[in-house]
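What follows is a set of notes on a single structure, which appears directly below.
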Amino acid sequence: MDKIQRLKQQKQYEQYVKEKTPQHNVWLNMLKAFLTGGTICFIGQVIHHYCELKNLSADDCSSWTSMLLVLLSVLLTGTGIYPRLAKWGGAGALVPITGFANSVAAPAIEYKKEGQVFGIGCKIFTIAGPVILYGIFTSWGLGLVYWFGTLIG
């Protein structure tokens, strides 16, 4: 009887988990990510073309585009719009420069009440820190491989 009871409890638990687990529409999520990321990239392209119309160099156009996308991302994070956008658009909101700016700004905003040093100073890179760490490590590793490649010929 004890074994039957355990099996019954296990079935009930499995049913409970099945009911509580959210169902995701993969195709809809991909469409939302595509639209979100595409819109961010479109805005970046509009900024870049505007800079070209002002006869800026290619490097200056790229710099202004990056700076304005970061500024826009931080402002939207501060007003609470970017988190809602990221929730709706998923991975599409993680377009590298805007997603990275959001990952730095969000902890700074969240922990500002703990003070400049122990709040913002200590917590600002909690999300972006691993990205910086592994980005630098990967760059170093690939640079080493490249260097060895040039030695070998």
Query raised in the report: How many angstrom separate the Cα center of the range 60-86 from the Cα center of the range 125-145?
Result: 23 Å
Query raised in the report: Quick one: helix 96-110 against the long Cα principal axis of the chain, what's the angle to the nearest 10°, folded into 0 to 90?
Result: 70 degrees
Report summary line: Averaged over all viewing directions, the convex hull of the alpha carbons in the chain casts a projected area in nm² of 18.1 nm²
Query raised in the report: Can you pull the accessible area of F118 for me, 1.4 Å probe, Å² to the nearest 10?
Result: 150 Å²
Report task. Answer rounded, prolate or oblate for the range 23-102, using the Cα gyration tensor with square roots of eigenvalues a ≥ b ≥ c: rounded when a/c is under 1.5, else prolate when a/b is larger than b/c, else oblate. Result -> prolate
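Could you grab the relative contact order for the chain? Cα pairs under 8 Å, six or more apart, rounded to a whole percent. Let's see the in-between values first.
Details: 103 pairs, mean separation 28.7, N = 153.
Relative contact order comes out at 19 percent.
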Report summary line: Subtracting the Cα-Cα distance of L75 and R6 from 0.36 nm times their residue separation yields 19.5 nm
Report task. Report L142's accessible area, 1.4 Å probe, all protein chains in place, as a number in Å² to the nearest 10. Result -> 110 Å²
Report summary line: 1/(1 + (r/R0)^6) with r = Cβ-Cβ of I109 and K87, R0 = 22 Å, i.e. FRET efficiency to nearest 0.05, evaluates to 0.85
Query - Cβ-based charge dipole, the range 32-153, positive-most Cα from G115, F148, L71 - result: G115
Requested in this report: If a cysteine in the chain has no other Cys Cβ under 4.7 Å from its own Cβ, put it on the list, ordered by number.
Outcome: C41, C122
**Report entry** Three-way shape call for the range 80-153 based on the alpha-carbon gyration tensor, with the a/c threshold at 1.5
**Finding:** oblate
Query raised in the report: Rolling a 1.4 angstrom probe over the protein heavy atoms, how many square angstrom per residue are accessible across the range 1-147?
Result: 77 Å²
Report summary line: For the range 10-70, using Cα atoms only, the Rg and Dmax in Å read 21.7, 69
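Want the number for W147 to W27: 0.36 nm per residue separation, take away the alpha-carbon distance, what's left? Let's see the in-between values first.
Working: separation 120, 0.36 × 120 = 43.20 nm, distance 4.31 nm.
So the chain would gain 38.9 nm between W147 and W27.
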Query raised in the report: In the chain, carbon and sulfur make up what percent of the accessible area (probe 1.4 Å)?
Result: 69 percent
**Report entry** Per-residue HN-Hα couplings for the range 35-45 [Karplus 6.51, -1.76, 1.60; θ = phi - 60°; Hz; x = Gly/Pro]
**Finding:** 5, 5, x, x, 5, 4, 5, 4, 4, x, 5
Report summary line: Helix 58-78 sits off the longest principal axis of the Cα atoms of the chain, rounded to the nearest 10 on a 0 to 90 degree scale, by 40 degrees
**Report entry** In sequence order, calculated HN-Hα J values of the range 118-132 (Karplus, 6.51, -1.76, 1.60; Hz; x Gly/Pro)
**Finding:** 7, x, 5, x, 7, 9, 4, 9, 4, 8, 7, x, x, 5, 5
Report summary line: Expected field for S103, accessible surface area in Å² at 1.4 Å probe radius, rounded to 10, holds 20 Å²
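The values are calculated or read from the model by the stated rules, or taken from the named source; none is laboratory data. Since the structure is predicted, the reported quantities are computational estimates derived from the model, not experimental observations. Note that each Cβ is placed from the backbone with ideal geometry, even for glycine, and that neighbours are counted across all protein chains shown. Just the protein is used for accessible areas: all its heavy atoms, side chains included, with ligands, DNA and RNA removed. Shrake-Rupley method; radii C 1.70, N 1.55, O 1.52, S 1.80 Å.
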